[in-house]
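Some notes on the structure that comes next.
The values are calculated or read from the model by the stated rules, or taken from the named source; none is laboratory data. The model shown is predicted, which means the values in this text are computed figures rather than measured ones. Every residue, glycine as well, gets a Cβ built from its backbone with ideal geometry; the counts of neighbours run over all protein chains shown.
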Ligand SMILES: [Zn+2]
C-alpha cells in the first residue's frame, strides 16, 4: 500500500480520540507490509499509551519484519514522559522504515525523535499528507506555537441574518436550527476543552452548555460577566459541570471557580491566558453578538462555524459577519453550515 493511503488510515484512527485525547495531540499508527496492514493503534487519552505503543502491542511481541513500514502522523516522541520514548521503542522493535506526516513542535520533541531514529539507521520519510495532518491537530499545534487555545466561533442565525428575535417574552434559547443540528453542536462541544459565553447570553438564553445529545467529554463552561448581571440561578452555575466565571467582583452567591478581571484588565486576553495555563488547547465561543464581535474585530479567531436556519425572524439582533468567505458549506437537515477559516485554508477533502 502506498504511504498516502496508509497515512489516510492513520489519520482516521487518530480522529477516533477527537473528544478524549486533549491536551495531547491526535495520533494514529499503522504497521504495514506490502499490501497487508499488520497492526493499528491510536492514542486514546492522556495517560494512556501512545499510538506507536498501541500499534506494536497489537502486532505482538516479535521484532517487526525488515520490509515492514510504520506510518504515524506525528513525529514519535524522544522524551521520557509518562511512558518511555516511542523513538526508542521503534528502534528496539526493529523498525527499518517509518513514514511521518510532520515533526512535533512540542519543545521536548522538536525533531529529536526523527534524529534519533535516523541515527539508528531507520529510513524516515517526512511530509506525507502533511496539510491534512496539521489540520487534524490544529488545536494542539496552535496551542503549542501561539500559547493560547485554538478559537472556534459558533453562532446560529435566522434565514434573514438575525441572532435573536425581538422583543423577547421569556428567558431561554430561541430555536433557530433543526434538532439534527443540535446533535452536531453537542459533538462540537465535546471536541473542544472549553465553551465560552458572555453575560448577555446567560441572561437572555440561560444555556446549560452541557454535552447531552452525544456521548463525549464535557468541556469547561466559561462565563465572562464583568458586571455580575448573570443570575445566580442560571443553569451555568448549577454545578453540573466544571465552570469558570470571569468577573469584576467576587460573587458570593455562586459556587463556581472565579477569576477576577481588574478594571484595566483585558478580559479576552485574561480568558485565553487562564485557559492556556490550565492546559486547555481549544475554545468554542458560543455567543453572544458582542463577545463574538470582539473576537472577530481583533482577528483573535481561527475558525467560525455559522449555522443558518430555515426560518426568518424579521427583526432582532444582527448576526456578525465573518471577514472572509466560507471555505466550505454543509447541509444539516434544513440548515446550512458555513465553515470560515482565519488563516490557511484546508483542502476540501475533510472538515472538522
Ligand atoms: Zn510517544
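Odds and ends about this structure:
- The condition of being more than 22 Å from residue 331 (Cα to Cα), in the same structural domain as residue 315 (by TED's automatic domain parsing) and modelled with pLDDT of 90 or more holds for only one of 184, 209, that being 209.
- Across the range 275-293, the number of residues qualifying as surrounded by fewer than 17 Cβ atoms within 10 Å (Cβ to Cβ) and at pLDDT 95 or above comes to 5.
- Lone unmet requirement of (1) surrounded by 17 or more Cβ atoms within 10 Å (Cβ to Cβ); (2) within 30 Å of residue 213 (Cβ to Cβ); (3) in contact with a helix residue (DSSP H, G or I) (Cβ under 8 Å, 6 or more places away or on another chain) for residue 173: (1)
- Any hit, the range 84-91, residues being more than 30 Å from the chain's Cα centre (by Cα) and in a helix (DSSP H, G or I): yes
- For the range 106-126, residues that are buried (at least 17 other Cβ atoms within 10 Å of the Cβ), in a loop (DSSP other than H, G, I, E, B) and more than 10 Å from the ligand (Cβ to nearest atom) total 2.
- If only residues of the range 66-83 that are modelled with pLDDT of 95 or more, within 23 Å of the chain's Cα centre (by Cα) and in a loop (DSSP other than H, G, I, E, B) are counted, the one that is surrounded by the fewest Cβ atoms within 10 Å (Cβ to Cβ) is 75.
- Every residue from the range 66-79 that is farther than 14 Å from residue 42 by Cβ and away from the ligand (no atom under 11 Å from the Cβ): 66, 67, 68, 69
- Residue in the range 57-65 that is under 28 Å from the mean Cα position of the chain (by Cα), within 16 Å of the ligand (Cβ to nearest atom) and in a loop (DSSP other than H, G, I, E, B) present: no
- The residues on offer are 197, 202, and the sole one that is touching a helix residue (DSSP H, G or I) at 6+ places or on another chain (Cβ under 8 Å), more than 22 Å from residue 10 (Cα to Cα) and assigned to a strand (DSSP E or B) is 197.
- Residue identified as in contact (Cβ under 8 Å) with a residue 60 or more places away in the chain, part of a loop (DSSP other than H, G, I, E, B) and more than 13 Å from the chain's Cα centre (by Cα) among 233, 159, 208, 180: 159
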